[in-house]
Amino acid sequence: TLARAPFHARAMLYRFAALALTLLLASCGGGGGGGSGSSGSSTPPTLRGVAATGAPLVNAAVSVVDGQGKSVGTAITHPADGSYSLTLSSTSPAAPLLIQVRGMDATGAMQVLHSTVPTVSSAMVAHVTPLTNAIVALALGTEPAPVFAAASSSGSQLTQLASAAPAASTF
């Protein structure tokens with residue numbers, strides 16, 4: 001039973017469960033209607049989340065591209081908790097959004113992590129963690145960093161990301 005497992009195994013299991021629950025809640029995100037930013041609203045959508053590897057990635061650079069490979073926003077994570085919030089530069093960005101966070105972890109090691117938002121809505125949540133990075137890699141079938149770096153010429157891979165991310169997340 002779990003009660004008889006060594007403390008470090010239980011702690012790791014609890015951390016994994018908390019991370020999985022966070023990702024599950026984040027994937028429930030946005031509201032109905034609109035789809036790919038077609039709500040006709042003149043207000044750009046917002047995106048927020050937390051970047052962490054167990055400990056928050058503080059003062060890390062957040063960059064977002066849309067499904068056409070266009071840069072639609074940047075931000076810096078909060079120095080206390082790794083949270084970020086930004087208003088996208090386009091009122092109707094193409095889905096999906098691909099998020100990249102670059103920064104140092106608590107040990108001073110450089111981290112480059114990714115996440116995705118398959119459907120654009122007026123207010124979105126996307127946490128960025130090693131698990132979301134693995135989901136994006138699984139959905140793309142390759143490492144996310146080169147796809148992000150060449151986003152303007154990676155349209156077919158970004159389209160694949162929108163349809164494959166839910167299955168990769170379930171897996």
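Summary table below
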read-out	value
Complete set of residues in segment 80-93 that are more than 11 Å from Val62 (Cα to Cα) and either modelled with pLDDT of 95 or more or of a type in the set (Ser, Thr, Tyr) (or both)	Asp81, Thr87, Leu88, Ser89, Ser90, Thr91, Ser92, Pro93
Qualifying positions in segment 145-171 - open to solvent by 30 Å² or more (accessible area, probe 1.4 Å) and in contact with a strand residue (DSSP E or B) (Cβ under 7 Å, 6 or more places away or on another chain)	Ala145
Matching residues, segment 47-91, being out of contact with any strand residue (DSSP E or B) (no Cβ under 7 Å at 6 or more places or on another chain), under 16 Å from Ser115 (Cα atoms) and open to solvent by less than 50 Å² (accessible area, probe 1.4 Å)	Ala52, Gly67, Gly69
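The values are calculated or read from the model by the stated rules, or taken from the named source; none is laboratory data. Keep in mind that this is a model prediction, so the values were computed, not measured. Every residue, glycine among them, receives a Cβ derived from its backbone with ideal geometry; neighbour counts consider all protein chains shown. Ligands, DNA and RNA are excluded from the accessible area calculation, which covers all protein heavy atoms including side chains. Shrake-Rupley method; radii C 1.70, N 1.55, O 1.52, S 1.80 Å.
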